[in-house]
Amino acid sequence: MAAALGLNGLIALFVSAILFSIGVIGVLLRRNAIIVFMCIELMLNAANLSLVAFARMHGIEGQIFVFFVMAVAAAEAAVGLAIIIAIFRHYEVVDLDRFRLLKW
Amino acid sequence: MSFQPVLPWLILALPLLGAAVNGAGAFLWRDDKRIPTIVGPAALLGSFAVVLVNFIAMSGADLHGAEVVSLWNWIVSGDLRIGVDLQFDQLSMLMCMIVTGVGSLIHIYSVGYMRDDPGYSRYFSYLNLFVFFMLVLVLGASFPLMFVGWEGVGLCSYLLIGFWYENRDYANAGKKAFIMNRIGDAGFLVAMFLVFVAFGTLDFIPVLAAADGTLAYGGALVTGITLLLFLGCTGKSAQIPLHTWLPDAMAGPTPVSALIHAATMVTAGVYLIARTSVLFALSPVSQGVVAAVGAGTALFAASIAIRQYDIKKVLAYSTISQLGYMFLAVGIGAFTAGVFHLMTHAFFKALLFLGAGAVIHAVHHAWAHGDEHGDGDGHGDPNDMRNYGGLRKFMPRTFVFMWVATLAIAGVPPLAGFFSKDEIIWYSGAYGYPILWGVALATALLTAVYMARLMVMTFHGGNRTFGHEGAAEAGRKLHEVPAVMWAPLAVLAVLSVVGGWANIPEALPLLPTVEWLHHWLEPVFAPAIAVKEAHGFAPEYRSPVGGGEALWAVISAAIAIAAVVGTVRVLSPKPVPTEAEAVAPTGFARVLHDKWYVDELYDRAIVRPSLALWRACWRIVDAGIIDGAVNGAGRAARLLGWAGGQLQTGRVTTYLVAFMLGALLVLGVLS
C-alpha cells in the first residue's frame with residue numbers, strides 16, 4: 001500500500017489523521033459552540049484529505065467525492081451557523097454547557 | 001292398545017312460554033297486573049290439561065316399560081348420544097299430575113296472595129319457570145336431562161327464596177339454599193360419571209335394564225353410585241346433614257314454600273331414588289343408609305317442630321320430617337309407599353302452607369289496616385304464632401281447611417296421611433327393620449303433637465294479634481281471605497281427604513280402589529323388586545312385636561287421634577304469652593327451640609374455618625404474593641427507567657463522548 005501511495009500520499013494520510021484527532025478532541029473538550037463547529041469542519045476536511053490521498057491509488061472517484069463533501073459541508077455550515085446565531089440572539093451566550101434541554 | 005303421548009312437548013312449552021311472557025312483562029308492563037294474572041295460571045292449567053289427557057290415555061292403555069319421545073339431539077360425541085328425550089311412564093305421569101295439578105292451584109292462590117306486590121310479574125315468571133324445570137326433571141329420560149331440571153329448580157328456588165332481595169337476610173337464605181344444594185349436586189354429577197363409565201350410556205332405560213348384569217350385587221361401584229346419588233338427594237330434599245337450608249328457605253313468599261319447598265322440588269330426591277330403584281336395589285348398604293338417614297331425619301326434624309313459634313318454620317321442619325318418611329320407605333324397598341306418601345304429602349302440605357299463608361296475609365293486613373304507612377310495621381312478626389290465637393272466629397273457612405290438613409298429616413283415618421304414612425310404618429316393620437319401625441311410630445306421635453299445637457296456638461283460645469285485650473280491634477280488622485285464595489284451599493282439602501284412597505291396603509278393603517297405586521306403579525318398580533327377591537328378600541309381613549297390618553293400622557290411628565286430642569286438651573287451657581311477653585325457653589326445650597344447634601355447629605366447624613382460610617388466601621396469597629408480584633414488576637420497571645434516565649444529562653458533550661466510544665468500539669470489533 002505504501003508503494004502505491006508514495007511518500008507524499010503517506011504524509012497526507014498522517015496529516016489527515018492528526019487533523020481528525022484534533023477535530024475530535026476539540027469537539028469533546030471545547031465549550032464554545034463556534035469552536036466546536038470549527039472542529040467539526042476540521043474533521044470533515046481531514047476526511048477530504050484522506051479521500052484525495054487515496055484517489056492516487058484508486059483513481060479519480062475520490063477527488064469527485066471531495067467536491068460533493070465540500071458542497072454538502074458548505075450547506076451544513078450555513079445551517080449550523082444560523083442555529084448558533086439564533087441561540088446567541090436568544091441567550092446571548094454560545095456556551096454548550098448552558099444548554100441542557102435534551103434531558104428526559 | 002298401545003300408548004302414544006299426546007302433544008308431549010306442549011307440557012313443557014306452556015310453562016316456559018308463560019315464564020317468557022311474564023319475564024318480559026316484568027320489564028315492559030310492570031304495573032299492569034292483568035297479563036300475569038291471566039298468563040301465569042293459564043300456562044299451568046293448560047299444561048295440566050295436557051298431562052291429564054295423557055294420564056287418562058295411559059291408564060286406558062296397556063303400557064309396560066316406558067314410552068320415550070325424542071325431541072332433538074342435545075349432545076352427540078362418539079358413542080355418546082344424549083337427546084332431549086321425554087320419558088312417559090306411570091311414575092313420571094303421576095309426578096306430572098302432582099306438579100301441574102298442585103302447581104295450578106298454587107298459581108291461582110298466588111293471584112290473591114301477591115296482589116299488592118310490586119314484583120308481581122317477576123314472581124309469576126319465576127314460578128312458571130320453576131314448573132318448567134320441574135317437568136324437565138320429571139320427564140327427562142336420561143341422567144343429564146334430569147340434571148338440567150335438577151339444577152333449574154335449584155336456580156328457581158334460589159330466585160324465589162330471595163324474591164324480596166332488599167332484605168339482606170332473605171337474600172342470604174337464598175344463597176344458603178343454593179350453596180347447600182351445590183354440595184349435593186356434586187355427588188349427583190360424580191354418580192353420573194360413574195354410571196357412564198360402567199354402562200357407556202346415560203339414558204335411564206338401557207342403564208336400568210343392564211344394571212343387574214353389569215354391576216355386582218352389593219359391589220363397591222353400585223354402592224358408590226347410589227350413595228353419591230343419595231348425597232344429591234340429601235341436598236335437594238333437605239335430609240341430614242344438608243337439611244339446614246329448608247327452614248331458612250321460608251324467607252320466600254308463602255305460596256313458593258307450598259309449591260317448591262313442600263309439594264314438588266324437595267320431593268325430587270325421592271323421585272330420583274324411585275327412578276333409579278334398580279340401582280338402589282342392587283346395593284343393600286345404600287338402602288340401609290337411605291332408610292336410616294330418612295328415619296333419623298324424620299324423628300330429628302319432628303322434635304324441632306315441637307318447639308318452633310314461627311308457623312312456617314313448624315311447617316318447614318314438618319316437611320323435612322315427612323320427607324324423611326319417604327326416604328325411609330324407598331330405603332327399605334317399599335317404593336310405592338314412598339311415592340304414595342309423596343303424593344298425599346303434596347296435597348296436605350301444600351294446603352297447610354297455603355292456609356298458613358292465608359293466616360299471615362290476614363294478620364299482616366289487619367296490622368296494615370288504618371296504619372300510618374299501611375305496611376303493618378311496628379307490630380311484630382306476622383309469622384309468629386304467638387301473635388295469632390282465636391282466628392277460628394275471623395277465618396272460619398281457613399280454620400276448617402287447616403284442620404282437615406292437620407288431621408291428614410297426623411294420620412287420622414280416613415284422611416290421606418293415614419293411609420300413606422301407615423303404609424310406610426307397616427312396611428318398615430314388615431320388611432324386618434324393628435328400630436326404624438319404632439322411630440317411625442314415635443315420629444307419627446310427634447307429628448300429631450306439633451300439628452295440634454300449631455292449630456291450638458293459631459285458631460283456638462283468645463286472640464293476641466293486638467295484645468291480650470285487643471279483641472275488639474281484632475274483630476274490626478281481621479278478615480277471611482278472598483275467594484281466589486280460599487277456593488284452592490277447598491280443592492286441596494278435598495284432595496287431602498280422598499288422596500289416600502288411591503291405595504287402600506289389602507288388609508282394610510274399605511273401598512274398591514285396593515292397592516290401585518301399587519298396581520299403577522308396578523311396571524316401574526317390578527325390576528327393582530325382582531332384584532331384591534333374587535337376593536333373598538322374603539319378608540314375613542308381620543310387625544316386630546306381632547300382629548297383622550289391620551291391627552297395626554288401628555293402633556297407629558289410635559295413637560294419632562289420642563295425640564291430637566291430648567295435645568288440644570292439654571294446650572288449650574294454657575295462656576300463651578304474646579311475642580313481646582315471651583320468655584326464653586330453658587333446658588331441653590331450648591335445645592329443640594334452637595334446632596339442636598346444627599346451624600351453630602356448621603358455622604363453627606365449616607363456615608368460620610372456611611372464611612378464615614379464604615381470608616388468609618386473600619391477605620397472604622392474593623394481596624401478598626400476587627399483588628406483590630404485579631406491583632413489584634411495576635416498581636422494577638420504574639427503577640430501571642430512572643437509572644436509564646440518569647444517563648440523559650442533556651449535555652451535548654456527554655452524548656458525543658458516548659458516540660465516540662461507541663464508534664471506536666464498532667471499529668475495534670470490525671477490524
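Provide the three semi-axes, in whole Å and in decreasing order, of the ellipsoid equivalent to the range B:206-339 as defined by the square roots of 5 times the Cα gyration tensor eigenvalues. Please list the in-between numbers first.
Working: eigenvalues 174, 39, 24 Å².
Over the Cα atoms of the range B:206-339, the semi-axes work out to 30, 14, 11 Å.
What does the C-alpha gyration tensor say about the overall shape of the range B:29-130? Classify as rounded when a/c is under 1.5, otherwise prolate if a/b is larger than b/c, or oblate.
Oblate is the answer for the range B:29-130, as a/c is 1.5 or above yet b/c matches or exceeds a/b.
Against the longest alpha carbon principal axis of chain B, how many degrees, from 0 to 90 and to the nearest 10, is the axis of helix B:143-161 turned?
90
Over what distance in Å are the Cα centres of the range B:537-607 and the range B:23-38 separated?
44
Quote the Stokes-Einstein diffusion coefficient, in whole µm² s⁻¹, for the protein assembly as shown, based on the Kirkwood radius over alpha carbon pairs, a temperature of 4 °C and a viscosity of 1.567 mPa s.
Translational D for this selection: 41 µm²/s.
In whole angstrom, how long is each semi-axis of the equivalent ellipsoid of the range B:434-560, when you take the square root of 5 times every eigenvalue of its Cα gyration tensor and sort them from largest down? Let's see the in-between values first.
Numbers: eigenvalues 362, 88, 35 Å².
Value: 43, 21, 13 Å, ordered largest first.
What does the C-alpha gyration tensor say about the overall shape of the range B:521-668? Classify as rounded when a/c is under 1.5, otherwise prolate if a/b is larger than b/c, or oblate.
oblate
Between A:R89 and B:K175, with labels modelled 7 Å along Cα→Cβ, what's the label distance in nm to one decimal, could you check?
Those two pseudo-labels are separated by 7.3 nm.
Apply the Karplus curve 6.51 cos²θ - 1.76 cosθ + 1.60, θ = phi - 60°, to the phi angles in the range A:18-25 and return the couplings in whole Hz, x for Gly and Pro.
5, 4, 4, 4, 4, x, 4, 4
Please list, in chain and number order, the residues 5+ apart from B:S142 or on another chain whose amide H is under 5 Å from its amide H, with Hs placed from the backbone.
B:F204
Using C-alpha positions alone, give me the convex hull volume of the range B:118-192 per residue in cubic angstrom.
Per-residue hull volume (Cα only) is 58 Å³.
Modelling each spin label as a point 7 Å along the Cα-to-Cβ direction, I'd like the B:A490/B:H519 distance in nm, to one decimal.
That separation, rounded to one decimal, is 3.3 nm.
Using modelled backbone amide H atoms (1.01 Å from N, in-plane), which distant-in-sequence or interchain residues come within less than 5 Å of B:Q308's amide H?
none
Could you work out the percent of alpha carbon pairs in the range B:168-208 separated by over 13 Å, rounded to a whole number?
Value for the range B:168-208 (Cα pairs over 13 Å): 62 percent.
Calculate how steeply helix B:204-214 sits against the longest principal axis of the alpha-carbon atoms of chain B, using the helix alpha-carbon long axis, and give the answer as 0 to 90 degrees to the nearest 10.
90
Would you mind ranking B:I35, A:I60 so that the residue whose beta carbon has the fewest other beta carbons within 10 Å leads the list? Provide the component values of the computation, followed by the final result.
Numbers: B:I35 17, A:I60 8.
Least to most surrounded, the residues fall as A:I60, B:I35.
Using only the Cα atoms of chain B, construct the convex hull and provide its projected area averaged over every direction, in square nanometres to one decimal.
Mean shadow area of the hull around the Cα atoms is 43.8 nm².
Dividing the Cα convex hull volume of the range B:1-80 by residue count, how many Å³ per residue is that?
In the range B:1-80, the Cα convex hull volume per residue is 106 Å³.
How much net charge surrounds B:F394 when only other residues with a Cβ under 11 Å from its Cβ are counted (Lys, Arg +1; Asp, Glu -1)?
After counting each charged neighbour, the total is +4.
Once every DSSP H run of n ≥ 4 in the protein assembly as shown is given -39500 (n - 2.57) and the sum is divided by its residues, what mean residue ellipticity at 222 nm do you get, rounded to the nearest 500 deg cm²/dmol?
Numbers: 30 runs with 538 residues, N = 775.
Per the formula, -23500 deg cm²/dmol.
Just rank B:S303, B:S110, B:S121, B:S2, fewest to most, by other beta-carbon atoms within 10 angstrom. If you can, show how the numbers build up before the last one.
Details: B:S303 20, B:S110 30, B:S121 27, B:S2 7.
Result, fewest neighbours first: B:S2, B:S303, B:S121, B:S110.
Rounded to whole Hz and in sequence order, give me ³J(HN,Hα) for the range B:641-650 from the Karplus expression 6.51 cos²θ - 1.76 cosθ + 1.60, θ = phi - 60°, writing x for Gly and Pro.
Calculated HN-Hα couplings, in order: x, 5, 4, x, x, 5, 5, 8, 6, x Hz.
Using the Kirkwood radius over Cα pairs, work out the Stokes-Einstein diffusion coefficient for the range B:316-450 at 37 °C and 0.692 mPa s, in µm²/s as a whole number. Numbers along the way, then the final one.
Values: Rh = 16.4 Å.
Translational D for this selection: 201 µm²/s.
Provide, as a two-decimal number, the C-alpha radius of gyration of the range B:530-573 over 2.2 N^0.38 Å, N being how many residues it has.
After normalising by residue count via 2.2 N^0.38 Å, the value is 1.90.
Counting only other residues whose beta carbon sits under 15 Å from that of B:V607, what net charge do I get with K and R as +1, D and E as -1?
+2
In whole angstrom, how far apart do the alpha carbon centroids of the range B:106-127 and the range B:292-369 sit?
Using only Cα atoms to place each centre, the spacing works out to 23 Å.
If you wrap the range B:599-671's Cα atoms in a convex hull and average its projection over all directions, what's the area in nm²?
8.5
Based on the Cβ-Cβ distance from B:A472 to B:D31, what FRET efficiency comes out when R0 is 35 Å, to the nearest 0.05?
0.40
What is the helix-to-structure angle for B:284-305, meaning the angle in degrees between its Cα long axis and the longest Cα principal axis of chain B, kept from 0 to 90 and rounded to the nearest 10?
That works out to roughly 80 degrees.
Dimensions of the range B:510-600 along principal axes (Cα, Å, largest first)?
60, 38, 29
For B:R608 and A:D97, FRET efficiency with R0 = 60 Å and r from the beta-carbon atoms, rounded to 0.05?
Approximately 0.30, to the nearest 0.05.
Do any of B:K532/B:K595; B:K421/B:K477; B:K33/B:K175 go past 31 Å between their Cα atoms, and which?
Beyond 31 Å between Cα atoms: B:K532/B:K595; B:K421/B:K477.
What are the extents of the Cα atoms of the range B:309-354 along their three principal axes, listed from largest to smallest and rounded to whole Å?
Extents along the principal axes: 35, 17, 6 Å.
Enumerate the calculated ³J(HN,Hα) couplings along the range B:332-341 in order (Karplus 6.51 cos²θ - 1.76 cosθ + 1.60, θ = phi - 60°), each rounded to whole Hz, writing x wherever the residue is Gly or Pro.
Values per residue, Gly and Pro as x: 7, x, 8, 4, 4, 4, x, 5, 4, 5 Hz.
Sort B:L647, B:L86 so that the residue with the fewest other Cβ atoms within 10 Å of its own Cβ comes first and the one with the most comes last.
Going from least to most buried by this count: B:L647, B:L86.
Given Cα pairs under 8 Å that are at least 6 residues apart, what percent is the relative contact order of chain B?
About 12 percent, as a whole number.
Give me the mean projected area, in nm² to one decimal, of the convex hull enclosing the Cα positions of chain A.
The Cα convex hull of chain A, projected and averaged over all directions, gives 8.0 nm².
Can you check what the net charge comes to around B:L63, using other residues whose Cβ is under 14 Å from the Cβ of B:L63 (Lys, Arg +1; Asp, Glu -1)?
-4
Each value in this text was obtained by applying a stated rule to the coordinates, not by laboratory testing. What you are looking at is a predicted structure, and each value in this text was computed from that prediction instead of being measured. Heads up, the Cβs are rebuilt from the backbone with ideal geometry, glycines too, and the neighbour counts pull from every protein chain shown.
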